[in-house]
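Below: the structure, in structure tokens.
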Amino acid sequence: MTSEATRYNVWHHRIAIFIAVVTFFVIIAGAMVTSEDAGLSVPDWPTSYGHFVHLPPWVGGIVFEHSHRMIAFFTGVCTVVIAFWTLLVERRRWMKILAFGALATIVLQGILGGVTVLRFLPPAVSTAHAAIAQTFFCIAVAIAVFTGRKWVEETPQLVSDNGHPKLLVLCFYSIFILYVQLILGAMFRHHGMPWWPHVVNAVSVTVILAWTGVRAMRGFRHIPGIRRLGILLHSLLLVQLLLGFASYYTRIVLGADAPQPEFPMIASTVAHVAVGGLLLATTVVLTIQVWRNVTMRSEQPAVAGRTITA
């Protein structure tokens with residue numbers, strides 16, 4: 001990825017950051033809808049009780065479901081803006097593709113949300129809706145990184161990765177295992193499978209992410225962009241494990257016989273989903289930074305005063 005032909009555009013970058021932040025609130029709002037069992041509080045789509053603009057009765061689960069729709073719609077409008085803005089100001093072809101990929105992703109996300117309502121919350125579709133939301137969040141965060149001053153104006157000084165497995169490989173493993181965990185968790189929340197596959201896979205998530213974070217912190221301590229992300233990855237992982245336990249305890253133990261969702265379960269579950277999104281986005285950004293700053297070639301012993309790379 002090269003950026004020599006592109007100039008840093010401060011407002012383009014700020015809007016990209018704004019979209020990423022708003023998308024995070026969309027994820028929180030969606031988690032609130034699921035946790036409150038409010039998914040069918042507004043039974044029609046794309047209208048809300050037959051209207052596009054007029055607010056439905058602002059009571060009960062309608063507050064959560066319609067708020068989610070409004071925030072998501074606003075995010076979609078912002079995505080249209082930045083997609084065409086990127087087309088006009090960017091010289092990097094791959095950035096234009098990424099921006100319109102973000103637009104296609106959020107359109108798909110909206111369609112899946114509508115199908116979820118019209119089909120009365122099928123677990124598979126609801127899970128796809130959740131997974132695409134997290135995917136869009138990662139794309140939005142990536143666009144914010146790619147439009148930043150450091151990415152556009154600085155030339156990276158490549159360093160070699162002499163470890164095994166390579167940090168980039170660990171990053172890809174981490175993204176994969178996080179997506180598996182995301183799907184299992186969403187299927188459980190949407191009543192598509194029991195809780196135990198999500199909990200069992202959490203062990204794999206912990207091992208892979210802890211390993212990745214240690215490699216990032218110890219192997220690349222002189223590259224702040226990688227080392228700090230490794231620290232953040234470990235910190236979020238710890239918080240996520242605590243929230244996962246709290247979600248399990250409040251839902252399975254305390255809330256097993258509750259007639260309706262209770263506040264401890266709602267709060268812990270929403271926080272668990274939100275931190276999960278941050279964990280996935282952090283892993284994606286770490287992968288991007290490793291791709292940019294680390295070469296897969298390993299240094300070999302010096303011969304006649306020269307260092308040979310392979």
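The values are calculated or read from the model by the stated rules, or taken from the named source; none is laboratory data. Since this is a predicted model, take the numbers as computed values, not measurements. A quick note on method: Cβ atoms are made from the backbone with ideal geometry, for glycine too, and the neighbour counts reach across all protein chains shown.
A few points about this structure:
- Sub-6 Å Cβ pairs linking a first residue in the stretch 133-146 that is over 21 Å from residue 292 (Cβ atoms) to a second residue that is at pLDDT 95 or above and aliphatic (A, V, I, L, M), at least 6 apart or interchain, are 133/27; 134/182; 134/280; 136/106, ordered by first then second residue.
- Within the stretch 102-113, the only residue that satisfies the criterion of being buried (at least 16 other Cβ atoms within 10 Å of the Cβ) and farther than 16 Å from residue 27 by Cα is 103.
- Unmet criterion (only one of (1) in contact with a Leu (Cβ under 8 Å, 6 or more places away or on another chain); (2) under 23 Å from residue 28 (Cα atoms)) for residue 70: (1)
- Some residue of the stretch 35-50 being within 26 Å of the chain's Cα centre (by Cα), assigned to a helix (DSSP H, G or I) and modelled with pLDDT under 95: yes
- Of the residues 230, 225, the single one that is at pLDDT below 95 and either in a helix (DSSP H, G or I) or buried (at least 16 other Cβ atoms within 10 Å of the Cβ) (or both) is 225.
- Once the stretch 186-222 is narrowed to residues that are assigned to a helix (DSSP H, G or I) and among the charged types (D, E, K, R), the residue that is farthest from the chain's Cα centre (by Cα) is 218.
- Exactly one residue out of 135, 155 is outside any helix (DSSP H, G or I) and under 30 Å from residue 10 (Cβ atoms), and it is 155.
- Pairing residues of the stretch 36-56 that are free of Cβ contacts under 8 Å to residues at least 12 places away in the same chain and loosely packed, with under 12 Cβ neighbours inside 10 Å with residues that are in a loop (DSSP other than H, G, I, E, B) and charged (D, E, K, R), at Cβ distances under 8 Å and at least 6 apart in sequence or on separate chains, gives 50/44.
- Criterion: out of contact with any Ser or Thr (no Cβ under 9 Å at 6 or more places or on another chain), closer than 19 Å to residue 135 by Cα, assigned by TED's automatic domain parsing to the domain that holds residue 14 and not aromatic (Phe, Trp, Tyr) - qualifying residue of 38, 29, 104: 104
- Tally, over the stretch 74-114, of residues that are part of a helix (DSSP H, G or I) and either free of Cβ contacts under 8 Å to residues at least 12 places away in the same chain or among the basic types (Lys, Arg) (or both): 8
- Considering the stretch 156-195, the residues that are of a type in the set (S, T, N, Q) and surrounded by fewer than 18 Cβ atoms within 10 Å (Cβ to Cβ) include one that is modelled with the highest pLDDT, namely 160.
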